[in-house]
Amino acid sequence: MSAAQLDEERRLEIGERCKKEAWQAGGKASLTALGLAGATVGGANTFWHGFRTSLGVSGKAALVVSPAFAMFWLYSELCLHECSQKLQYEELEKKRKAQS
């Protein structure tokens, strides 16, 4: 195998690891947001008459689910960005070592 093929295989392996880490980070953040938003909406529904009467079921569900989607997207995107930065840094270091 040539060095280029090994580098490509390594990049694919790192990419798969990055995707897995992003799914895990996004899922963890999403579940946390889902729990907090659910508790907040549940508490508001129980103790605040104005909230209970002004929003329907779909509005309350949207208030619970929207933060979870947002947190999943944000954390997974940040994780992917961090991983790509690490990969670029490694490539720069490799080039630097090859030049010296």
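The values are calculated or read from the model by the stated rules, or taken from the named source; none is laboratory data. Remember, it's a predicted structure, so these values are computed and weren't measured experimentally. Ligands, DNA and RNA are stripped out before the accessible areas are found, and what is left, the full protein with its side chains, is counted by its heavy atoms. Shrake-Rupley method; radii C 1.70, N 1.55, O 1.52, S 1.80 Å.
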- Message: Compute the helix-to-body angle for 57-99: its Cα long axis versus the longest principal axis of the chain, expressed 0 to 90° and rounded to tens.
- Response: 10
- What accessible area per residue, rounded to a whole number of Å², is obtained for the chain using a probe radius of 1.4 Å? 77
- P(r) of the range 52-97 in 10 Å steps, Cα pairs, percent per bin? 23, 24, 20, 15, 10, 6, 2
- Message: Using only the Cα atoms of the range 21-63, what semi-axes does the equivalent ellipsoid have when each is the square root of 5 times a gyration tensor eigenvalue? Give whole Å, largest first.
- Response: 27, 10, 4
- Message: At 1.4 Å probe size, with the rest of the protein present, what percent of the exposed accessible area of the chain is carbon and sulfur atoms?
- Response: 64
- If one computes P(r) from the Cα atoms of the chain, what percent of pairs lie at distances over 20 Å? 58
